[in-house]
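Following: one structure in structure tokens, then a few remarks.
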Amino acid sequence: MASASRLFSDLEVDVLADAPLGPLTWFGIGGRADALVRPRTVEALATLIARCHRDGIEFRVLGDGANLLVADEGVSGVVVRLDQPVFRERKLNVRGSVEAVRAMAGVSLPRLITDAVGAGLAGLEGLGGIPASIGGAVRMNAGGGFGAISDSLHSIAVIDRRGEIGVHPASALELSYRHASIPGAIVLWAAFRLEEGDPVALRDRLKEVMSYKSSTQPLAGHSAGCMFKNPPARSGEPGPRPSAGRLIDQAGLKGTRIGGAVVSPHHANFFLVEPGATAGDVISLAELVASRVEDRFGVRLEREVVVWDRRPVEESS
């Protein structure tokens, strides 16, 4: 990267040029980043964001990699990974504060759920089995049949494109199905309003959630979770959103494959990758499935899995 010295040379960061991103995602496939940057302090992260904005350099944040597919050609600009200790800090406060839990963006959601349940804090256990970092989970309002992260979210801190930190209540985020309007470049931390509960009962509840997911989803395969969002209910129709997986199944698409990518025979909204698969295989399969479902039911599926490529960030996501 030609202007790397202007971005990194005086910052507390670790930098890897031409970095492979595929191994950092759950799919395990895909291309490389011009630069993978791991800030060691919040100040370094904030300064880096401001400089990228100043210089017009593409900027992305890589979380747990569970809801992401990196195109074979890779991505331009800077990819940041918040895996240093300062971004994995979490604080549990059972009494005396609405911020019963505050977690930095790099904290693992499954780890936070386990910590909260062990401390007798209720409100996150319904999110068991969702692989995500806190920052990514908040940005997409992660959830499932047992609830969404917005159910207990109290507030977040963000770093904007000028490198300035601001705190926003959950009520300002326009939270909806798999969406949060984040007023800033990236999430820095999130605070959750939880309730005191019985640790034993909470552990039992978490086990129930995990057991259900393991019986209905191919959790052991190389996948990125649900490929598509559940589509909105048709105008005038009552009830919840139709299941994208059920539509794909009813279209007879379980087991459909392109190259090394295949629609799971266990859960049709999960795409699995086999040895030799490419990101292009997955993208082509997703396009085929969406087209077939639209032809059959008149419903256009929207991807839940984010695809990174060399187009500008706002276009590629």
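The stretch between residue 254 and residue 93 holds 53.4 nm of extra length on full extension. This uses 0.36 nm per residue minus the Cα-Cα distance.
Label-to-label distance, residue 302 versus residue 165, with points set 7 angstrom from Cα along the beta-carbon direction: 3.2 nm. Counting beta carbons within 10 Å around each of 213, 207 and listing the fewest first gives the order 207, 213. Over the chain, DSSP H runs of length four or greater, each weighted -39,500 (n - 2.57), average out per residue to a 222 nm ellipticity of -8000 deg cm²/dmol.
Between residue 73 and residue 233, the distance separating the two model label sites (each 7 Å from Cα on the Cα→Cβ line) works out to 4.2 nm.
Please tell me the relative contact order of the chain in percent, rounded to the nearest whole number, where contacts are Cα pairs under 8 Å and at least six residues apart. Working shown, then result.
Working: 692 pairs, mean separation 54.0, N = 317.
Worked out over the chain, it gives 17 percent.
Cβ crowding within 10 Å ranks 210, 227, 104 as 210, 104, 227, fewest other Cβ atoms first.
The spread of Cα positions in the stretch 218-308, taken along each principal axis and listed from longest to shortest, comes to 45, 27, 25 Å. The orientation-averaged projection of the convex hull spanning the C-alpha atoms of the chain amounts to 16.6 square nanometres.
Is the shape of the stretch 108-243 rounded, prolate or oblate, going by the alpha carbon gyration tensor and its root eigenvalues a ≥ b ≥ c, with a/c under 1.5 for rounded and a/b larger than b/c for prolate? If you can, show how the numbers build up before the last one.
Numbers: a/c = 1.63, a/b = 1.14, b/c = 1.43.
Judged from the Cα gyration tensor, the stretch 108-243 comes out oblate (a/c at least 1.5, b/c at or above a/b).
Relative contact order for the stretch 46-151 using alpha-carbon pairs under 8 Å, separation at least 6, rounded to a whole percent? RCO, the stretch 46-151: 21 percent. Remark: the residue 12-residue 208 segment gains 66.2 nm on full extension, using 0.36 nm per residue and subtracting the alpha carbon distance. Taking only the alpha carbons of the stretch 274-317, we obtain Rg and Dmax values of 12.4, 34 Å in that order.
Any read-out appearing in this document is the output of simple, stated calculations on the displayed coordinates, not a laboratory observation. These numbers come from a predicted model, not from an experiment. Heads up, the Cβs are rebuilt from the backbone with ideal geometry, glycines too, and the neighbour counts pull from every protein chain shown.
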